[in-house]
1. To the nearest 20 debye, what charge dipole does the protein assembly as shown have about its Cα centre, counting +1 at the Cβ of each Lys and Arg and -1 at the Cβ of each Asp and Glu?
2. Can you give the calculated 222 nm mean residue ellipticity of the protein assembly as shown, where each DSSP H run of n ≥ 4 adds -39,500 (n - 2.57) and the sum is split over every residue, rounded to the nearest 500 deg cm²/dmol?
3. Using packing as a proxy for protection, rank B:18-24, A:90-96, A:2-8 so that the peptide with the highest average count of other Cβ atoms within 10 Å comes first.
4. If R0 is 45 Å, what FRET efficiency do you get for B:Asn12 and A:Val38 from their C-beta distance, rounded to 0.05?
5. Around A:His117, which amide H atoms from residues at least 5 apart in sequence, or from another chain, sit under 5 Å from its own amide H, with H modelled in the peptide plane?
6. Just report the Cα centroid separation between the stretch A:16-52 and the stretch B:3-44, whole Å.
7. Suppose a student asked you for the relative contact order of chain A, using Cα pairs under 8 Å spaced at least 6 residues apart; what percent would you report?
8. Taking only Cα atoms, what is the 0 to 90° angle, nearest 10, from helix B:52-62's long axis to the longest principal axis of chain B?
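Here, each number is a calculation from the coordinates, and none is a lab measurement. Keep in mind the model is a prediction, meaning the values are calculated, not measured. Here the Cβ positions follow ideal geometry from the backbone for every residue, glycine too, while neighbour counts run over all protein chains shown.
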Amino acid sequence: MKSAVIVFPGSNCDRDIAVTLSKVTGKKPLMIWHNENVIPKGIDLIVLPGGFTYGDYLRSGAIASTSKIISEVKNKANKGVAILGVCNGFQILTESGLLSGILLPNKNLKFICKDVHLRVEENNSVFTKLFKLNEIITIPIAHHDGNYFVTEEELNILKDKNLIALRYCNPSGEVNIDSNPNGSIENIAGVFSSNKRVLGMMPHPERLADIKLGGIEGLKFFEGLLEGFS
Amino acid sequence: MVKAIVYISLKNGVLDPEGKAIQNALTNFGFQEINEIRKGKFIEIELNENNKLKAKDKVDKMCRKLLVNTVIENYNIEIID
C-alpha cells in the first residue's frame with residue numbers, strides 16, 4: 001500500500017501518522033505540502049492529519065480547505081482513492097465538501113483530551129473492515145471543535161446509507177448523553193462519504209498504534225487498509 | 001471604493017455554547033431579563049469597486065466560497081459608501 005500525508009501549516013499529527021503508516025506498510029508515506037497541486041498516481045491512501053491549521057481562523061479547517069492540494073484530493077476522491085481525515089483532517093474534509101456536516105466548538109467549550117469508548121457502527125468499509133459490527137473500541141480524542149452537526153435531511157441520508165462510522169458510547173456500548181463528550185449530534189464521532197472511500201473521524205487512531213503508547217487498538221484501521229491494498 | 005459588512009449568525013437549532021456562556025456570565029451580573037443570547041460575527045471588506053450591485057454580488061460569492069458555512073450559518077450583506 002502506498003500512502004501520502006498532506007501537511008498544512010499548523011498540522012501537528014502528520015509525523016505520528018507517518019510513523020504509524022511506516023510501521024504498518026513497511027514503507028514511508030509521501031509527505032505532501034499543502035501548496036503542491038499533484039498527488040502522484042498509484043497512491044492508495046491519502047491522510048489529512050490532525051492539528052490546528054491556520055490557527056482555526058474563521059472556522060476550523062475552513063482556510064486549509066481552500067489549499068491548492070485540496071482540489072487534487074477531490075480529484076483523487078472522485079477516482080475512489082481512500083481518504084482518511086483525523087481530527088483537524090475531518091474538519092478540513094467537511095469544510096471542503098467531501099463529507100457532510102461540520103464540527104462546532106465542544107458543548108462545554110473546553111479542549112478535551114482523553115480516551116473515549118467508540119462503537120463501530122459500520123464495518124463494511126476499507127477503513128473499518130477488521131472490526132466487528134458494534135465492536136467497542138477505545139481511542140483518544142484531543143480537540144476543542146469536535147461537536148458534529150449535520151442538517152436533519154443529511155442526517156437521515158447518513159443513517160439510511162449506513163454512513164455513520166463511529167459513535168461515542170460508554171464501556172458497555174450504550175450510546176447516550178453521558179457518553180457524549182462534546183455535544184455531537186447522535187453521538188457521531190466519524191462519518192463516511194457516500195461511497196465509503198472517505199472517512200472523517202475525531203478520535204486519533206495513530207495515538208494508540210504502538211504498545212509504548214499504551215495500546216494498539218488504533219492500528220486496526222491501518223491494518224485493514226493495508227489488507228485491502230496489498 | 002465601497003465597504004461591505006457581512007453579518008454572520010448561527011441558524012436556529014444550531015447549538016451555541018459560546019452564546020450560552022455569555023448569557024450565564026451576564027445573568028451572574030444580575031441581568032435576569034435575558035431570554036437567549038446567540039453569538040455571531042461580522043466581517044468588514046473594503047472593495048476596489050464603485051458599483052454597489054457588483055460589489056454586493058462579489059461579496060455574496062465570497063460568502064458562499066469561504067466566509068460562511070451555510071450548513072450552520074445565515075448571512076446578510078450591507079454595502080456602505
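1. 860 debye
2. So the calculated ellipticity at 222 nm is -7000 deg cm²/dmol.
3. Going from most to least packed, we get A:90-96, A:2-8, B:18-24.
4. My answer for the efficiency is 0.55.
5. Amide H to amide H, under 5 Å and 5 or more residues apart or across chains, A:His117 pairs with A:Cys169.
6. If you average the Cα positions of each part, the centres end up 40 Å apart.
7. Contact order relative to length: 20 percent.
8. 60 degrees
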